[in-house]
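J.: Take this structure, written in structure tokens, and hold onto it; I'll ask about it next.
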Amino acid sequence: MITNLEQLYFNQIHDLCSAESQLLGVLPQMVAFSSRTELRDAFRLCLRDSRTHFSSLVEIRKEHGISHETMICDAMRGLVIETKKHLTKTVPGEVRDAVLIASGNRIEHYEMASYGVAKAFADCLGFDRDSKLLAEMLQDVCEADSAITRIAAGGIFLTGARSGASLV
């Protein structure tokens with residue numbers, strides 16, 4: 001049972017470790033299934049960031065003597081399951097790219113919320129080094145979300161929607 005903010009913070013760090021670990025499993029598929037170069041590049045950047053974030057989170061755990069718990073982030077598990085399902089149920093090309101963008105945005109929004117709250121907890125607890133690392137990770141996921149959104153705003157949703165319009 002969690003009884004104080006420090007325990008809750010450490011729980012959030014475990015949750016983020018699990019989330020990043022799960023992303024390391026699905027992001028290579030998102031890269032491989034993307035048909036547009038700019039989308040593949042965006043997901044490659046997400047993959048690079050996830051590797052860095054996972055290492056930083058492990059460093060935070062070690063610094064605080066937080067034991068490694070086998071904990072699964074259920075929220076990320078759901079996002080990963082949904083992403084994989086969509087990959088197998090969409091045709092290659094613009095429609096699949098559109099679903100990858102939607103999945104990527106959902107994942108980044110979850111990460112923004114998670115890193116934001118973890119940073120706020122670190123601030124309250126006076127964990128300045130953690131706060132700095134978490135702020136950097138939060139910035140990374142915000143930039144990734146913006147990059148993915150820019151690709152969508154560039155017309156992929158319109159083109160993808162038109163490609164599937166005859167199916168409706």
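The values are calculated or read from the model by the stated rules, or taken from the named source; none is laboratory data. None of these values were measured; they are calculated from a predicted model. Don't worry about glycine lacking a Cβ; one is built from the backbone with ideal geometry, like all the others, and counts go over all protein chains shown.
J.: Being among the small types (Gly, Ala, Ser) and surrounded by 13 or more Cβ atoms within 10 Å (Cβ to Cβ) is the filter here, so list the residues in the range 58-77 that pass it.
T.: Of the range 58-77, the ones among the small types (Gly, Ala, Ser) are 65, 67, 75.
Across the range 58-77, the qualifying residue is only ALA75.
J.: Return the residues of the range 42-69 that are under 12 Å from ILE13 (Cα atoms) and among the aromatic types (Phe, Trp, Tyr); say none if nothing qualifies.
T.: Residue satisfying the conditions is PHE54 alone.
J.: Can you tell which of SER114, SER67, SER50, SER55 is modelled with pLDDT under 95, polar (S, T, N, Q) and within 17 Å of SER18 (Cα to Cα)?
T.: On the way: SER114 fails: modelled with pLDDT under 95; SER50 fails: modelled with pLDDT under 95; SER55 fails: modelled with pLDDT under 95.
Result: SER67 is the single residue among SER114, SER67, SER50, SER55 that is modelled with pLDDT under 95, polar (S, T, N, Q) and within 17 Å of SER18 (Cα to Cα).
J.: Which members of the range 23-76 meet the condition of being within 19 Å of THR149 (Cα to Cα) and among the charged types (D, E, K, R)?
T.: ARG36, GLU38, ARG40, ASP41, ARG44, ARG48, ASP49, listed by residue number.
J.: Right, another one. Restricting to the range 7-52, name every residue that is charged (D, E, K, R), within 22 Å of ASP130 (Cα to Cα) and exposed (fewer than 15 other Cβ atoms within 10 Å of the Cβ).
T.: Once the filter is applied, which keeps residues that are charged (D, E, K, R), within 22 Å of ASP130 (Cα to Cα) and exposed (fewer than 15 other Cβ atoms within 10 Å of the Cβ), the range 7-52 yields ARG48, ARG51.
J.: Scan the range 58-83 for residues that are out of contact with any Cys (no Cβ under 8 Å at 6 or more places or on another chain), part of a helix (DSSP H, G or I) and either closer than 12 Å to ILE107 by Cβ or of a type in the set (A, V, I, L, M, F, W, C) (or both) and report the count.
T.: The number of residues fulfilling the criteria is 10.
J.: Here's a check for you: in the range 84-98, which residue that is in a helix (DSSP H, G or I) and without any contact (Cβ under 8 Å) to a residue 40 or more places away in the chain is surrounded by the most Cβ atoms within 10 Å (Cβ to Cβ)?
T.: Here is the first cut: in the range 84-98, the residues in a helix (DSSP H, G or I) are 84-88, 94-98.
Next, from what is left, pick out any that are without any contact (Cβ under 8 Å) to a residue 40 or more places away in the chain: 85-86, 88.
On the way: LYS85: 12, HIS86: 17, THR88: 8.
Here the answer is HIS86.
For every residue, the table says whether it meets (1) at pLDDT below 95; (2) surrounded by 14 or more Cβ atoms within 10 Å (Cβ to Cβ).
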| residue | (1), (2) |
| --- | --- |
| ASP123 | no, yes |
| LYS132 | no, no |
| GLN139 | no, no |
| LEU158 | yes, no |
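J.: I've got another one for you. Of the conditions (1) without any contact (Cβ under 8 Å) to a residue 24 or more places away in the chain; (2) out of contact with any Ser or Thr (no Cβ under 8 Å at 6 or more places or on another chain); (3) over 20 Å from TYR115 (Cα atoms), ARG40 clears all except one; give me its number.
T.: (2)
J.: Using the structure shown, decide if SER55 is polar (S, T, N, Q), surrounded by fewer than 15 Cβ atoms within 10 Å (Cβ to Cβ) and in a helix (DSSP H, G or I). Outline the logic, then answer.
T.: On the way: polar (S, T, N, Q): yes; surrounded by fewer than 15 Cβ atoms within 10 Å (Cβ to Cβ): yes; in a helix (DSSP H, G or I): yes.
Criteria met by SER55.
J.: When the range 103-133 is examined, which residues are found to be in a helix (DSSP H, G or I), free of Cβ contacts under 8 Å to residues at least 60 places away in the same chain and farther than 16 Å from ASP41 by Cα?
T.: ARG106, HIS109, MET112, ALA113, GLY116, LYS119, ALA120, ASP123, ASP128, SER131, LYS132, listed by residue number.
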